[in-house]
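The values are calculated or read from the model by the stated rules, or taken from the named source; none is laboratory data. Since the structure is predicted, the reported quantities are computational estimates derived from the model, not experimental observations. With ligands, DNA and RNA removed, areas are computed over all heavy atoms of the protein, side chains included. Shrake-Rupley method; radii C 1.70, N 1.55, O 1.52, S 1.80 Å.
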Amino acid sequence: MEKRIETVELPVSELKFDFGNPRKITKAKREELKESLELYGDFGVFLIDEHNNVIAGNQRGRILQDKSPDVIVLCKRLIGYSRSELRAINIKDNTHSGDWDMDILADWMADINMDLGITDKESIPQDRKIDEMELIHYEKYDYVLIACRHETDYYDLCRRLGIEGKKVKVCKSRSIKARAIWYDSVKAQIIGKDDMDDEAK
């Protein structure tokens, strides 16, 4: 089907929120948005799919539905777009405010092969605490895997690196778990190959 965009006006009560949204909003930010809508009205456009599912404008839509479900809103209906394209549009539309739910975002980005320009502070590695160091495929750095031949070597390595008990989940839908530590927090002395060769001489 050929892609096209139609401009339509709908009562906000007809908007659906079944598509999902990886963007989350704090209670304080939601109150700010609510006050803004009350003061200035809704001057935005909703992006919806062919079944009136909101692709962009989730937070505004929910607030407006609660406040005045009969209000007419301006929508752009995206026709002929795949689900992954709609997810990419949602992500691009949401790069300006709020916070990401990193578990949902990682799932959403799994089959999107394009640079979406996500550079918010929460996706920058050095700004995240150990508990928040989820492995995401658009991370700034690659990862290093250290393989151990025996369980005792593994526990000794964890102790030396200072990562005992520091498990982080990749995301909710994945069963893989990982351990993480910042490079400058490593307790073990890291000896390079050249240093080892010098010591052997």
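Numbers at a glance
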{"read-out": "Residue in the range 38-53 that is under 28 Å from Ser84 (Cα atoms), open to solvent by less than 60 Å² (accessible area, probe 1.4 Å) and polar (S, T, N, Q) present", "value": "yes"}
{"read-out": "Any hit, the range 94-107, residues being open to solvent by 80 Å² or more (accessible area, probe 1.4 Å), modelled with pLDDT under 90 and more than 23 Å from the chain's Cα centre (by Cα)", "value": "no"}
{"read-out": "Residue ID - most open to solvent (accessible area, probe 1.4 Å), chosen from residues in the range 1-37 that are over 26 Å from the mean Cα position of the chain (by Cα) and among the polar types (S, T, N, Q)", "value": "Thr7"}
